[in-house]
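See structure below.
The values are calculated or read from the model by the stated rules, or taken from the named source; none is laboratory data. Fair warning: this is a prediction, and the values are worked out from it, not measured in the lab. Cβ placement follows ideal geometry from the backbone for every residue including glycine, while neighbour counts extend to all protein chains displayed. Surface areas here come from the heavy atoms of the whole protein model, side chains and all, with no ligands, DNA or RNA. Shrake-Rupley method; radii C 1.70, N 1.55, O 1.52, S 1.80 Å.
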Amino acid sequence: IEESKGYEFLLSACAALKGRGCHVSLTIVGDGPWQDRIRALITRLNLQDQTRLTGSMSQADVINEYERADIFVLPAIKAKHWGITNVLIEAMAMEVPVVTTPLPAVQELIQDKVNGILVSERDVDALAQAIEQLMREKDLRLKLATNGRETVERLFDKKNTMAELVSIYASWE
């Protein structure tokens, strides 16, 4: 749990959803330097009954969490985050629809409303709206989940990647 993940914005969005009468259940996997701050924010926002902090987990247990998830949300902060984070790829591979921020590298992976939802960083209202939309629209969740899986298979499958590399190297002759 660290600043770059944007958990404070996710928790604020969950509090807004709770205030609208939406049933929200949030699981945060991992630990880190911001864990105490996150616990305090959970208490301040009165989200103790809706939020579970797991601490560190084995990869097998993380896979179980993906299987239980309806939505995966990572409101990452651009100034603190670089590259495509593995958890987005993992969630998409597990056919969990994702909501995240449009970091430069993330936009190479996710197209808004095609295989995920992109929201401006630090925008609690937009984040809450995206989560609520996915909660209410099962067809959209399924579309994003399916397209997300297909994207990961296309971009990260070793057979596809190797064939692309062979093609590139062959063109150098």
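Using a 1.4 angstrom probe on heavy atoms only, work out the carbon and sulfur share of the accessible area of the chain in %. Could the numbers behind the result be given before it?
Details: 4810 of 9810 Å².
Percent of accessible area from carbon and sulfur atoms in the chain: 49.
Let me spell out the model: positive unit charges on the Cβ of Lys and Arg, negative unit charges on the Cβ of Asp and Glu, origin at the Cα centre of region 1-140. What dipole size does that give, in debye rounded to 20? Intermediate results must be reported in sequence, preceding the final value.
Numbers: 14 positive and 20 negative charges, 82 e Å.
With only Lys, Arg, Asp and Glu charged at Cβ, the dipole is about 400 debye.
What is the set of long-range amide H partners of Leu26 at a cut-off below 5 Å, with H atoms built 1.01 Å from backbone N?
Here Thr51, Arg52 satisfy the definition.
Please calculate how many Å² of accessible area region 1-133 carries per residue, with a 1.4 Å probe and no DNA, RNA or ligand atoms counted.
On the way: 6540 Å² over 133 residues.
Per residue, region 1-133 has 49 Å² of solvent-accessible surface.
Express in whole angstrom the spacing between the alpha-carbon centres of region 6-35 and region 101-173.
22 Å
Suppose we look only past 18 Å in the calculated P(r) of region 1-139. What percent of the Cα-Cα pairs does that tail hold? Display every interim value, and only then the final one.
Details: 5148 of 9591 pairs.
Above the 18 Å cut-off, region 1-139 has 54 percent of its Cα pairs.
Under 10 Å, Cα contacts only: if you run a Gaussian network model on the chain, which one of Val114, Val152, Val96 comes out with the highest mean-square fluctuation?
Sorting by GNM fluctuation, first place goes to Val114.
Please quote Rg/Rh for region 65-105 to two decimal places, taking the Kirkwood radius as Rh and restricting both calculations to Cα atoms. Intermediate results must be reported in sequence, preceding the final value.
Working: Rg = 10.4 Å, Rh = 10.6 Å.
When Rh is taken as the Kirkwood radius, the ratio is 0.98.
From the helices alone, meaning DSSP H stretches of at least four residues, give me the mean residue ellipticity at 222 nm for the chain, per-run term -39500 (n - 2.57), in deg cm²/dmol to the nearest 500. All intermediate terms of the calculation are to be shown ahead of the outcome.
Numbers: 7 runs with 87 residues, N = 173.
One gets -16000 deg cm²/dmol as the mean residue ellipticity at 222 nm.
Net charge near Asp123: determine it from the other residues with C-beta under 13 Å of the C-beta of Asp123, scoring Lys and Arg +1 and Asp and Glu -1.
Working: positive: Lys78, Arg122; negative: Glu8, Glu121, Asp125.
Surrounding charge for Asp123 is -1.
Applying 1/(1 + (r/R0)^6) with R0 = 22 Å to the Cβ-Cβ distance of Asp31 and Glu137, what FRET efficiency is obtained, to the nearest 0.05?
Details: r = 33 Å, r/R0 = 1.50.
Plugging the Cβ-Cβ distance into 1/(1 + (r/R0)^6) gives 0.10.
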